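Undergrad: Please find one structure pasted underneath; my questions will follow.
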Amino acid sequence: MQPETQDRLRAELMSFSTTEPSYDDFVSLALPYLDAVVREALRLHPILSEFLCVALEGDILPLTTPIWTPAGELLDKLPIHKGTVVTVSSYYTNTAKSIWGEDAAEFKPERWLDGQDVPAAAKELPGYHHTMVFSDGPRACLGKGFALTEMKVIFLHPL
Ligand code: HEM
């Protein structure tokens, strides 16, 4: 991690009077920089960088950007047949320059802080802060709240 990021995070975490905070401490005390660091860490390192879904019924998938097929046909939607396995790549959508801008690959927690605006293309994405880190919808991660709290506790321990 960059030294400036570490210094800023440490300064914020020193506002805790204990290295063993309770769950209530976590939810009541505002730690905006820690939130931003966790969000940015998950954006660039989504753990499950991709996951698979199986279409239970046929559907038509509209495409944001049309694609050319090898046969030279321009498609703005894709037919998905029942039983098709669809790969959802959160790593791609979390790091695409077309979505997050030219600095998409950089670890920049500041992009999440007040006064910064997440790009409009990112705002259109569903999921945890416009990432698919925990998937989305009825089969989204059940341990999201637990995982996020644990990640924050881990940052506190070296203090
Ligand atoms: C940062 C840590 C974690 C990440 C990034 C994560 C991410 C995900 C993702 C992407 C899925 C959907 C997988 C799929 O559709 O194939 C999922 C499902 C799930 N996760 Fe997590 N997870 C995390 C931690 C946890 C923890 C700590 C627990 C339990 C305490 C947990 C419990 C579950 C369960 C039960 C499901 C299946 C939900 C269902 O199919 O209805 N996860 N997780």
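Undergrad: For the list (1) loosely packed, with under 15 Cβ neighbours inside 10 Å; (2) within 17 Å of the chain's Cα centre (by Cα); (3) at pLDDT 95 or above, I need the number of the one condition that Gly72 fails.
TA: (2) is the only condition that Gly72 fails.
Undergrad: For the range 112-135, what are the residues that are within 23 Å of Val27 (Cβ to Cβ) and modelled with pLDDT of 90 or more?
TA: Answer for the range 112-135, where residues must be within 23 Å of Val27 (Cβ to Cβ) and modelled with pLDDT of 90 or more: Trp112, Leu113, Gly127, Tyr128, His129, His130, Thr131, Val133, Phe134.
Undergrad: Hey, any hits in the range 46-56 for a residue that's without any contact (Cβ under 8 Å) to a residue 24 or more places away in the chain, loosely packed, with under 14 Cβ neighbours inside 10 Å and not aromatic (Phe, Trp, Tyr)?
TA: The first filter runs over the range 46-56 and keeps only residues without any contact (Cβ under 8 Å) to a residue 24 or more places away in the chain, leaving none.
No - not one qualifying residue is present in the range 46-56.
Undergrad: State all residues of the range 122-159 that are crowded, with 16+ Cβ neighbours inside 10 Å, of a type in the set (A, V, I, L, M) and either assigned to a loop (DSSP other than H, G, I, E, B) or more than 10 Å from the ligand (Cβ to nearest atom) (or both); if no residue qualifies, say none.
TA: Ala122, Leu125, Met132, Val133, Leu156
Undergrad: If you don't mind, another one. Could you list, in sequence order, all residues of the range 46-58 that are within 16 Å of the ligand (Cβ to nearest atom) and more than 28 Å from Lys144 (Cα to Cα)? Write out each step before concluding.
TA: Going through the range 46-58, the residues within 16 Å of the ligand (Cβ to nearest atom) turn out to be 46-56.
Scanning the range 46-58 gives no hits.
Undergrad: Has the range 63-81 got at least one residue that is outside any strand (DSSP E or B), closer than 28 Å to Leu9 by Cα and among the small types (Gly, Ala, Ser)?
TA: Checking the range 63-81: not a single residue is outside any strand (DSSP E or B), closer than 28 Å to Leu9 by Cα and among the small types (Gly, Ala, Ser).
Undergrad: Oh, and also: Please go through the range 8-45 and give me each residue that is surrounded by 12 or more Cβ atoms within 10 Å (Cβ to Cβ), at pLDDT below 90 and within 16 Å of the ligand (Cβ to nearest atom), ordered by number.
TA: Phe26
Undergrad: Which is in contact with a strand residue (DSSP E or B) (Cβ under 6 Å, 6 or more places away or on another chain), over 24 Å from Pro119 (Cα atoms) and more than 15 Å from the ligand (Cβ to nearest atom), of Leu61, Leu75? So that I can check it myself, show each step before the final result.
TA: Working: Leu61 fails: over 24 Å from Pro119 (Cα atoms).
Answer to the selection: Leu75.
Undergrad: Also: Report, by residue number, each residue of the range 95-121 that is assigned to a loop (DSSP other than H, G, I, E, B) and within 16 Å of the ligand (Cβ to nearest atom).
TA: Listed by number, the list is empty, since nothing qualifies.
Undergrad: Right, here's the next one. Going by the conditions given, is Ser90 over 27 Å from Arg8 (Cβ atoms), within 11 Å of the ligand (Cβ to nearest atom) and surrounded by 13 or more Cβ atoms within 10 Å (Cβ to Cβ)?
TA: Spelling it out, it is not the case that Ser90 is over 27 Å from Arg8 (Cβ atoms), within 11 Å of the ligand (Cβ to nearest atom) and surrounded by 13 or more Cβ atoms within 10 Å (Cβ to Cβ).
The values are calculated or read from the model by the stated rules, or taken from the named source; none is laboratory data. Small disclaimer: the values here were computed from a predicted structure and weren't measured. Virtual Cβ from ideal backbone geometry, glycine too; neighbours counted across all protein chains shown.
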